[in-house]
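Before any comments, here is the structure.
The numbers here are math on the coordinates, done by the rules we state, and not lab data. Please read these numbers as outputs of a predicted model, since none were measured by experiment. With ideal geometry, Cβ positions are generated from the backbone for all residues, glycine too; neighbour counts draw on all protein chains shown.
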Amino acid sequence: MTRGAGRVRTKTIFDPIHGPIVLSGAALELVGDPAFQRLWGIRQTGLAHLVFPGANHTRLEHSLGVYGVARRLAGALDLTPERAEMLEVGGLLHDLGHAPLSHTLDGPLVEVTGAGHEARSRAILVGEDPGDRAGAGSPSQVPAILEAHGLRPTAVADLIDPPSTGRGPRDLEPLLHGAIDADRIDYLQRDAHYTGVAHGAIDATRLLETIRLDRGEIVFAEKGRNAVEGFAVGRSLMYSSVYFHKTVRAAEIMAQAAVEHLPGYPVSAAAVLARTDADLLTTLASAGGIASRLGRALEERRLYKRAAAWRELPPAAIRSARRLWRRPGERRALEAALAEDVGAPDGSVLLDLAGVVEESVDGSDWSHVGIVEDDRVTYPFRAAGVWREIARRPRTPWRVAVYADPRVARNVARRLARSRGPIP
């Protein structure tokens, strides 16, 4: 730790992706809070390490990286010190509300708590969820730290979890919630580095050199065009090759099912969703029944096999699948019925419905990414053509997939072939 001009305390962290990251002000104090330290215990890419063994990096590393990118963005855009610190702190704290295994348990998190991870982050920032999230007996002091440094907790929360009313720092929002933002610039590079998959090797330097803000929207100088196009391609390919890899999805669906079969679910899951990956696996191991069976299978990497998948479904089946996505209880009942049909125990057959919901890679917000050409801003992602097709490329080619215990996977495949699909 050093003291610079004006006795400002700073600390430098050496990051394998971005190099030295300097912490100061509110950020330096916030990193020691239990709510932030909890992120050491949450893998950034959930269960992807079961396919890509190097993917053991954490949400804490990612959050520090987003903070570092936000600092560079603030400098590139010449933000005022006050606006810069708000953006930087927003980047640092944006993932506080994640459940164990990151996005793997987004579904149970919403079903159990009624809120996604962004809203959970907001609750911590404004003091509505000040409890012991780290499991160390120390409640979070995030709101008090922010206020002590002249930052309004609600303003930072509005940046992390933008309200539908339009209240909040709208000029900073695209820097944390845009198609090309601090969050994505970090996680694409970080996840590519640790998984060993080259698709996320974006040209972050050129993006940060050419980024501009134009009437609240992100635009890039013309010389940044190739970097923008490369970013769009890289993000699309990381989804199909890593985040939605079929074996990664098998593990994630198993983890979701394990939590959903905890005795007393959903009430019983509330506490563990506020803890860490290790706490979750310990809870599953001691729960008994389906939860323990699936938890042990994950720990021993005995993963389910994809028994069937459908690239296309008739409109009625898509509507039914979306209903099952919105009503997880009905989806679980269908899974149990499919298992019973092949004489297998409950929990042996699981549905993956991500393809009917996650249809594109944020195709809508890409329409706000502009390129400056001849002193005029153009929006290449708005018109029909290769740019828009890249942005709208589905994250997964499969509308619906069914995973099953390897011992019954063939029977499940035959059963589904006879009925021409899993959706009633």
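To the nearest 10 degrees, how steep is helix 225-238 against the longest Cα principal axis of the chain, on a 0 to 90 scale?
It is inclined by approximately 30 degrees.
Identify all aspartates and glutamates with a Cα-Cα distance to K223 below 16 Å; exclude those on the same chain that are fewer than 8 residues away in sequence.
D203, E209, E373, D374, D375
Give, in nm to one decimal, the length gained when the segment between A271 and K11 is fully stretched (0.36 nm per residue of separation minus the Cα-Cα distance).
Taking A271 through K11 to full extension adds about 90.3 nm, to one decimal.
Only Lys, Arg, Asp and Glu count, each charged at its Cβ (+1, +1, -1, -1), so figure out the dipole size of the chain about its Cα centre, rounded to 20 debye.
Dipole of the chain, to the nearest 20 debye: 1440 debye.
Could you sort 11-21, 222-232 so that the peptide with the highest average Cβ count within 10 Å comes first and the rest follow in order?
Working: 11-21: 14.5, 222-232: 18.5.
Ranked by mean Cβ neighbours within 10 Å, highest first: 222-232, 11-21.
If you filter segment 361-424 for trypsin sites (Lys or Arg not before Pro), then keep DSSP loop positions with at most 13 other Cβ within 10 Å, what is left?
Sites meeting the loop and neighbour criteria: R407, R420.
In debye, nearest 20, what is the charge dipole magnitude of segment 272-391 about its Cα centre with +1 on Lys and Arg Cβ and -1 on Asp and Glu Cβ, if you could check?
460 debye
Find which of L351, L47, G127 sits farthest along the positive direction of the dipole of the chain, computed with +1 on the beta-carbon of Lys and Arg, -1 on that of Asp and Glu, about the Cα centre.
Sorting the options by dipole projection puts first L351.
Ranking request for peptides 138-145, 324-331: highest mean number of other beta-carbon atoms within 10 Å first, then the rest in descending order. Show your work: numbers first, answer last.
On the way: 138-145: 19.0, 324-331: 15.4.
The densest-packed peptide leads the list: 138-145, 324-331.
By how many nm would the segment from S240 to E300 grow when fully extended, if each residue of separation counts as 0.36 nm and the alpha-carbon distance is taken off?
Net length gain for the segment: 19.1 nm.
Please report the spacing between the Cα centers of segment 394-418 and segment 178-229 in Å, no decimals.
Segment 394-418 and segment 178-229 have Cα centres separated by 36 Å.
Using a basic spin-label model with each label point 7 Å from the Cα along Cα→Cβ, how many nm lie between A278 and R152?
Computed distance between label sites A278 and R152 equals 4.0 nm.
Give the lysines whose C-alpha is closer than 18 Å to that of K305, dropping any in the same chain fewer than 8 places away, or say none.
Of all the lysines, those that pass the test against K305 - Cα under 18 Å, at least 8 places apart if same chain - are K246.
Given the chain, what percent of its DSSP beta bridges are antiparallel, to the nearest 5?
Percentage antiparallel, nearest 5: 95.
Applying a 10 Å radius around every beta-carbon, put 366-372, 247-253 in order of their mean neighbour count, most first. Mind dumping the intermediate values first?
On the way: 366-372: 20.1, 247-253: 24.1.
Descending packing order for the listed peptides: 247-253, 366-372.
Can you give me the angle between helix 81-93 and the longest principal axis of the chain, using Cα atoms only, in degrees from 0 to 90, rounded to the nearest 10?
So the inclination is approximately 20 degrees.
For segment 7-244, calculate the relative contact order in percent as a whole number, restricting contacts to Cα pairs under 8 Å that are 6 or more residues apart.
Across segment 7-244, relative contact order equals 19 percent.
With unit charges on the beta carbon (Lys/Arg positive, Asp/Glu negative), name the residue among G385, A297, A201 whose Cα is farthest towards the positive pole of the charge dipole of the chain.
Of the options given, the answer is A297.
What is the extension gain from D341 to R376, computed as 0.36 nm multiplied by their sequence separation minus the C-alpha to C-alpha distance, in nm to one decimal?
Going from the current span to full extension adds 6.4 nm.
With r as the distance between the Cβ atoms of K223 and R418 and R0 = 56 Å, compute the FRET efficiency 1/(1 + (r/R0)^6) and round to 0.05.
0.45
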